[in-house]
Amino acid sequence: MTKRKIEVFSAGCPLCNETLELVKNAVNDCGCEVIERRCSGTECCDEAKQYGVRAMPTVVVDGRIMFEGRITQEQAATLSRAA
């Protein structure tokens, strides 16, 4: 099975930090790679534009937007399942 890449686009705010922690906890045992993309500089802004990110936080899985804005624990749990 290929290791899934999960990117969390974040502004560094409490809501974004909460989302990042939910994602990390949910996929802790599945071997997924979790990357925080903090959008405060131009590099992340380019990546966010590439994916079509419109809100913070946004969760992108293997190049596809899965969730925008606040997520629930149940939604985060779905990230550990195979695509």
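The values are calculated or read from the model by the stated rules, or taken from the named source; none is laboratory data. Bear in mind the structure is a predicted one, so any value in this text is a computation, not a measurement. Cβ: placed from backbone, ideal geometry, glycine included. Neighbour counts: every protein chain shown.
Hey, can you tell me all the residues within region 13-43 that are charged (D, E, K, R) and either crowded, with 18+ Cβ neighbours inside 10 Å or in contact with a strand residue (DSSP E or B) (Cβ under 6 Å, 6 or more places away or on another chain) (or both)?
Hits for region 13-43 are LYS24, GLU33, GLU36, ARG37, ARG38.
Scan region 56-81 residue by residue and report those that are of a type in the set (Lys, Arg) and touching a Ser or Thr at 6+ places or on another chain (Cβ under 9 Å).
Quick first cut of region 56-81, residues of a type in the set (Lys, Arg) only: 64, 70, 81.
Answer for region 56-81, where residues must be of a type in the set (Lys, Arg) and touching a Ser or Thr at 6+ places or on another chain (Cβ under 9 Å): just ARG70.
Return yes when ARG54 is among the charged types (D, E, K, R), part of a loop (DSSP other than H, G, I, E, B) and within 17 Å of PRO14 (Cα to Cα) and no when it is not.
no
Has region 64-79 got any residue that is closer than 15 Å to LYS3 by Cβ, part of a helix (DSSP H, G or I) and of a type in the set (A, V, I, L, M)?
yes
Could you pull out the residue among VAL23, VAL8 that is under 16 Å from GLU68 (Cβ atoms), in a helix (DSSP H, G or I), within 14 Å of the chain's Cα centre (by Cα) and in contact (Cβ under 8 Å) with a residue 12 or more places away in the chain?
VAL23
Can GLU43 be described as in a helix (DSSP H, G or I), acidic (Asp, Glu) and modelled with pLDDT of 95 or more?
no
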